[in-house]
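The values are calculated or read from the model by the stated rules, or taken from the named source; none is laboratory data. Being a predicted model, the structure only gives us computed values, none of them experimental. When we count neighbours, we look across all protein chains shown, and the Cβ atoms used for this are built from the backbone with ideal geometry, even at glycine. Areas reflect the complete protein model, heavy atoms only, side chains present, ligands, DNA and RNA absent. Shrake-Rupley method; radii C 1.70, N 1.55, O 1.52, S 1.80 Å.
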Amino acid sequence: MILLWISLSGFAQGDNGHKRYLSPSDIHQQIIDIQDAHRNVSRLHLLGSSYSGQPVQLIEIGPETASEKKTFPAVFVAANFEGTNPLASEASIYLIRDLLKNPEKFKDLTWYILPSGNPEGAEHFFDSPRMVGSRNLRPFNDDMDDQRDEDGCEDLNGDGYISQMRVKDPAGKLVIDSTDQRIMRAANSSKGEKGIYKIYTEGIDNDGDGKYNEDGKGGTNNGISFPHLFKYHGSESGLWAGQEDEVFGVMKFMIDHPEIAIVMHYGASNFCMVPPKAGRKGETSLKSLKIPKNYASMLNADPNKTYSMEEVKNMVKLVVPPGMEVDDAMIAGMLGLGAAVNPLPKDLKIYAAYSGDYKKFLKEKGFSQDRLDPKPAKNGSFELWAYYQLGLPSFSQDFWGIPLFKPEKADSTAKSGKKKTAAPKGKQSAKKPDAEKSFLAYNDSILNGKGFVNWTSFNHPQLGEVEIGGRVPYADLVPQTKEIEKALEAQVPWIYELSKGIPELVLVDKKIKVIGDGIYRIEVWISNKGKFHFPLAMGSRNKVPAPAVVTLSAKGVDFLQGRERTPLGSIEARQKQKLSWLIRTTKSDEVKLTIKAMNARGSETIIKLGGTK
């Protein structure tokens with residue numbers, strides 16, 4: 001077993017690849033050294049300190065590090081908020097080094113990179129005995145007794161890992177799978193099966209309450225401590241969103257830096273490979289909505305009756321301007337139905353398009369996508385908060401997954417002599433990959449069995465005869481070290497492709513009409529040349545970020561219609577928007593049109609006055 005962790009646990013930068021994973025203190029020192037070597041284009045920001053006092057620092061890379069006010073848009077990349085993805089932190093360091101080797105990548109962009117969003121959670125990877133954990137060191141009373149952190153896990157068999165115990169129990173709901181004695185699964189009552197096992201984490205009942213390992217060391221998982229869909233009274237989410245200094249520091253930094261145009265989280269989910277999905281149900285029933293009195297009269301509705309979502313949308317469509325989109329999210333916001341839980345349709349199209357491009361990108365690099373699907377983003381996660389509340393394009397990558405288990409198919413035609421018929425169209429369904437069998441196949445063929453502790457009898461001081469075994473901690477979360485460099489080389493550069501989609505607002509057409517006596521009518525068409533809407537549909541709903549401003553200026557100009565500074569409003573990707581002015585000027589034969597946005601690329605154009613009457 002120890003040999004596996006010589007291979008898996010380390011991983012430090014070297015000329016010929018990686019040898020060991022970087023600890024949080026290693027990461028902290030590396031970004032200090034990197035910044036010290038590139039002071040002209042980099043800067044460190046202290047976002048906060050962990051519960052134990054570890055500094056949480058972000059590195060800024062770009063041409064405007066000496067200026068507090070930015071003129072270029074920015075990309076924000078954060079890594080490993082849950083602490084269980086050391087590969088994510090490695091990817092962020094890889095990105096930092098790659099950027100500094102390629103200055104053209106930041107000539108008109110600012111990059112903010114946070115390599116370790118949960119340093120205390122990340123330390124669990126280096127603990128002995130090793131166990132997977134996301135919690136920081138803040139004490140927390142999980143079992144609501146008169147003690148905190150008093151019933152953690154123990155390495156009973158002394159193998160260096162905290163694994164599992166399977167115990168025979170009449171109240172158990174699990175059975176051993178007949179196809180592989182290592183697999184525990186739920187009993188299938190429809191087939192007459194009765195459960196006979198319970199599973200516990202390895203350890204003893206320290207506080208004598210009849211429960212095992214229910215109040216272990218630590219408290220908050222930073223990865224689920226952000227405001228969107230935050231779980232109050234959760235055992236790991238913290239007492240309130242942003243309770244931890246480092247989480248609050250990230251939130252404050254992003255709000256204080258409106259130039260941030262794109263967000264990326266390196267962690268467990270992967271919005272690049274599997275786009276966010278719609279169809280999620282919120283806490284409010286959409287079949288029986290009551291309309292508040294302040295809207296009922298406007299919609300000609302009865303505030304004492306209930307309506308379906310479709311009925312409410314039809315009412316609203318009658319009173320909004322023609323062409324204005326009325327969707328579930330708009331109604332939810334209007335009626336105060338709680339937090340949005342599904343991406344808006346226009347945004348889903350963007351995510352889907354980028355997902356297709358990402359898969360082509362990986363294919364061109366020869367990187368296999370034949371793996372288990374990444375985990376969905378959790379409630380309270382950084383990536384959900386950035387999209388749903390900041391209205392920003394928010395992506396995520398996980399960089400590695402267990403290869404798919406593909407059982408050999410028996411030749412049913414040869415055995416039966418019957419011709420195999422295809423399933424009717426429209427009724428084909430892909431069988432969900434078996435995650436447990438995929439992991440065990442990976443363990444057996446790639447890890448040579450060193451990723452799983454075989455079930456072995458143990459005389460437990462309280463439970464009696466048990467078996468200890470299960471997955472070796474992190475064996476399913478990190479690849480072999482020889483795969484690391486390839487994974488990062490293939491996938492980290494995708495962020496550069498995303499950054500190309502930042503909205504770019506430019507003048508694409510103009511029309512000048514001379515009225516006479518120094519009076520001119522100016523009409524311009526402004527286009528968004530980026531791939532992202534400005535802002536996203538969720539940003540439009542939330543009224544964030546701030547709109548772009550179009551400024552028309554000249555010597556001695558008077559505005560007869562229109563204003564010097566005009567908010568542009570929302571403008572979708574590849575779309576145009578028209579603005580017009582009626583001005584009088586006798587001191588200049590040209591005007592300057594400037595388009596500025598905090599988190600988009602703007603432009604500046606000199607417009608010559610003239611034309612025909």
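Normalising by residue count, the range 145-198 has a Cα convex hull of 123 Å³ per residue. Taken along its three principal axes, the alpha carbon spread of the range 323-366 comes to 49, 26, 7 Å, from the longest extent down to the shortest.
Considered as an equivalent ellipsoid built on the Cα gyration tensor, the range 194-246 has semi-axes of 30, 15, 9 Å, the largest given first.
Placing R0 at 30 angstrom, the Cβ-Cβ distance between GLU465 and LYS375 gives a FRET efficiency of 0.30 after rounding to 0.05. Global dimensions of the range 499-577 from alpha-carbon coordinates: Rg and Dmax equal 14.9, 47 Å. Taking amide hydrogens as placed 1.01 Å from N in the peptide plane, the amide H of ASP215 sits under 5 Å from those of ASP151, each at least 5 positions away in sequence or on another chain. Using the Karplus relation 6.51 cos²θ - 1.76 cosθ + 1.60 with θ = phi - 60°, the per-residue 3J(HN,Hα) values for the range 209-216 come to 9, x, 10, 10, 6, 8, 9, x Hz, with x marking Gly and Pro.
Under 5 Å between amide hydrogens, built in the peptide plane, is the criterion, and for THR220 it picks out ASN136, ARG138 among residues at least 5 positions away or on other chains. Value of Rg to Rh for the range 555-611, rounded to two decimals, is 0.99; Kirkwood radius and Rg both from alpha-carbon coordinates. From largest to smallest, the equivalent ellipsoid semi-axes obtained for the range 100-193 from the alpha-carbon gyration tensor read 41, 24, 15 Å. Taking the chain as the reference, fit the longest principal axis to its C-alpha atoms, fit the long axis of helix 481-491 to the helix C-alpha atoms, and give the angle between the two in degrees, 0 to 90, nearest 10. So the helix axis and the longest Cα principal axis differ by about 20 degrees.
Eigenvalues of the alpha-carbon gyration tensor of the chain, scaled by 5 and square-rooted, set the equivalent ellipsoid semi-axes at 51, 30, 26 angstrom, largest first.
At each listed q (0.14, 0.16, 0.20, 0.24 Å⁻¹), what is the log10 of I(q)/I(0) that the Debye formula gives for the range 245-338 modelled as equal alpha-carbon point scatterers? Taken in order of the listed q values, log10 I(q)/I(0) reads -0.76, -0.85, -0.97, -1.19. With each label modelled as a point 7 angstrom along the Cα→C-beta vector, the LYS317-LYS305 pair spans 1.8 nm.
Site pair LYS543 and LEU44 shows an inter-label distance of 4.0 nm when each label is modelled 7 Å from Cα along Cα→Cβ.
Per residue, the solvent-accessible area of the range 486-613 (1.4 Å probe, heavy atoms of protein chains only, all protein chains present) comes to 49 Å².
Give me the accessible area per residue for the range 214-319, probe 1.4 Å, as a whole number in Å².
Counting only protein heavy atoms, the per-residue value for the range 214-319 is 51 Å².
Computed over the range 470-513, the range of Cα coordinates on each principal axis works out to 77, 21, 6 Å, biggest value leading. For the chain, the longest principal axis of the alpha carbon atoms and the long axis of helix 86-101 meet at an angle near 40°. Against the empirical curve 2.2 N^0.38 Å, the C-alpha radius of gyration of the range 157-241 lands at a ratio of 1.46.
Over the residues of the chain, the helix contribution to mean residue ellipticity at 222 nm works out to -6500 deg cm²/dmol, using -39500 (n - 2.57) for each DSSP H run of at least 4. Taking amide H atoms as placed 1.01 Å from N in the peptide plane, the amide H of GLY449 lies under 5 Å from those of ASP444, each 5 or more residues away in sequence or on another chain. Counting only protein heavy atoms and a probe of 1.4 Å, the accessible surface of the chain is 51% carbon and sulfur. Close Lys pairs in the range 127-269, defined as Cα atoms under 21 Å apart and 8 or more places apart or on different chains, number 11. Per residue, the convex hull spanned by the alpha carbons of the range 455-613 comes to 190 Å³. FRET efficiency for the SER128 to GLN29 pair, using the beta carbon distance and R₀ = 25 Å, is estimated at 0.70. Extension gain for ASP558-GLU590 works out to 10.2 nm (0.36 nm per residue, less the C-alpha to C-alpha distance). Plainly put, the range 119-269 has a radius of gyration that is 1.07 times its Kirkwood radius, both from alpha-carbon atoms, as the Rg/Rh ratio.
Using Cα pairs closer than 8 Å and at least 6 residues apart in sequence, work out the relative contact order for the chain, in percent.
Relative contact order of the chain: 14 percent.
One decimal place: the segment ASP180-GLU325 gains 46.8 nm when fully extended, by the rule 0.36 nm per residue minus the C-alpha distance.
In terms of packing, defined here as the mean over residues of other Cβ atoms within 10 angstrom, the peptides 446-456, 507-517, 134-144 line up highest first as 134-144, 446-456, 507-517.
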